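Just below is one structure, and these are the notes that go with it.
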Amino acid sequence: MNIKIKYPVPANEENRLWALSEFDVDYAEVSHVFKDLVHLAAKIAKTEISLVNLIDSYTQWSVSSYGLPVEQMERTESVCQYTITTDDYFEVKGLSKDERFKDKFYVVSDPKLDYYFGVPLTTEQGYNLGALCVMDKTAKDLSPENIELLKIVGKEVVNRLVTIKTIQELKAKTSATEALRKKVAHDIRGPLGGIISLTQIISMQGENNKLSDVLEFISMIQKAGTSLLDLATEILNSEDKQLVNVKAAAINDFSLETFKQKLERLYLPQAKNKNINYTVGLLPDSLDMPFPKNKLLQITGNLITNAIKFTPVNGSVAVNLGLHTDDLKQTLTIKVADTGVGLDADAIANILSGSKHTSDGTDGEIGFGFGLALVKRLVDDLNGIMNIQSAPNNGTTFIITLQWMY
């Protein structure tokens, strides 16, 4: 009789995922930051392998590794999914004898692991973002001192994540201040130009001005001046809002091409694993210019993984990206379309309301119900719009629209 495994989910999972998204980690670009730490962890434990794993709604991302060239795996395949539910550590001395792990690919085939020890990567707020783990083919007996050392290494991993986040936020504020300067200059130019034009007319006409015309000009000048005063008041009293949403104005180091390349690198392995035809393309007439990368990988990645999950084998998932400008605004459009099982009207309404619901994927993938809810929350936080086009057995298209000043 097959034993149905109940996969662990932290009690604070929704807020845990939000905390992870706030770090806005580019999973493909931070390996060097932790390289010395995974090496140190392996030396402390005397194991062949050590990993820094971050765990999102669907995937375990090995953002840095020692002794094992792995970048990602399905969350339910990992051992670290158990570690993030503990406040201390999680150890298994016989993976091959444990019902939860004995059939996992890394146990039954190379590297044939049989030992695991992991400590959660815990933020000051108490959220476990992932785990620092060490693994080997044979069991180890870690001393209390070595366990404490591994916990210290885990804390340093979190410290470096916090440092990366702080640097990103500082750069974001610099970018937002420049955007505010451009906005103020643009908004003031209109009413100020009107005032100058009206006073020039009055001056040129001199004594020929009729009292009624002068009064009308004065009224128009007053309106323009009031507009300037209102603008100044808005800037002073709503600094956060006028900073062009600092949260959305992160480092301008993405272009559509770099965004496309990252989505291909990160999610093509998942598609290939299920024999899904996965493509990333650009919408017609899209511009080639930098735009804020803030939370885009988290938003789009969750949509892509969800699409792969609910698309049958040999189906397709197509991502299309577009960037356009209007006045001082940039508009980014993200479309993720699949040939999957589709959604009914109630399911669409639940997603757009931010409700959590779950179901297993077309190939038995386990669902936790947080991925799309997180996407909706992220999009709302960036003042964006999410649209869904779908019908049962007719695939689904998610359309995300985001705007910001540039």
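General observations
- Qualifying residue in region 107-117 (condition: free of Cβ contacts under 8 Å to residues at least 40 places away in the same chain, surrounded by fewer than 17 Cβ atoms within 10 Å (Cβ to Cβ), touching a Lys or Arg at 6+ places or on another chain (Cβ under 8 Å) and over 24 Å from K35 (Cα atoms)): yes
- Selected residue (criterion: nearest to N275 (Cα to Cα)) from residues of region 340-355 that are of a type in the set (A, V, I, L, M, F, W, C) and surrounded by fewer than 18 Cβ atoms within 10 Å (Cβ to Cβ): I348
- Tally of residues being aliphatic (A, V, I, L, M) and either over 26 Å from K171 (Cβ atoms) or crowded, with 24+ Cβ neighbours inside 10 Å (or both) across region 283-295: 1
- Restricting attention to region 48-87, the residues that are assigned to a loop (DSSP other than H, G, I, E, B) and free of Cβ contacts under 8 Å to residues at least 24 places away in the same chain total 2.
- L95 falls short on exactly one of the conditions (1) in contact (Cβ under 8 Å) with a residue 24 or more places away in the chain; (2) over 14 Å from L51 (Cα atoms); (3) crowded, with 16+ Cβ neighbours inside 10 Å, and that condition is (1).
Rundown of residues vs (1) at pLDDT 95 or above; (2) more than 15 Å from A28 (Cα to Cα); (3) under 15 Å from the mean Cα position of the chain (by Cα); (4) among the aliphatic types (A, V, I, L, M), yes/no style:
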{"residue": "V244", "(1), (2), (3), (4)": "no, yes, no, yes"}
{"residue": "F254", "(1), (2), (3), (4)": "no, no, yes, no"}
{"residue": "Y267", "(1), (2), (3), (4)": "yes, no, yes, no"}
{"residue": "K274", "(1), (2), (3), (4)": "no, yes, no, no"}
{"residue": "L287", "(1), (2), (3), (4)": "no, yes, no, yes"}
{"residue": "N306", "(1), (2), (3), (4)": "no, yes, yes, no"}
{"residue": "S316", "(1), (2), (3), (4)": "yes, yes, no, no"}
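- Selection status of P191, touching a Ser or Thr at 6+ places or on another chain (Cβ under 6 Å), farther than 24 Å from N53 by Cβ and either assigned to a helix (DSSP H, G or I) or modelled with pLDDT of 90 or more (or both): yes
- Condition met for L132 (assigned to a loop (DSSP other than H, G, I, E, B) and closer than 14 Å to A45 by Cβ): no
- Residue in region 2-25 that is over 22 Å from F90 (Cα atoms), without any contact (Cβ under 8 Å) to a residue 60 or more places away in the chain and not assigned by TED's automatic domain parsing to the domain that holds I299 present: yes
- For region 317-335, the tally of residues that are under 19 Å from R265 (Cβ atoms) and not aliphatic (A, V, I, L, M) stands at 1.
- Being in a helix (DSSP H, G or I), more than 30 Å from L378 (Cβ to Cβ) and among the basic types (K, R) holds for only one residue in K102, K43, K35, and it is K43.
The values are calculated or read from the model by the stated rules, or taken from the named source; none is laboratory data. Quick caveat, the model's predicted, so the values are computed rather than measured. Using ideal geometry, Cβ is built from the backbone for each residue, glycine included, and neighbour counts are taken over all protein chains shown.
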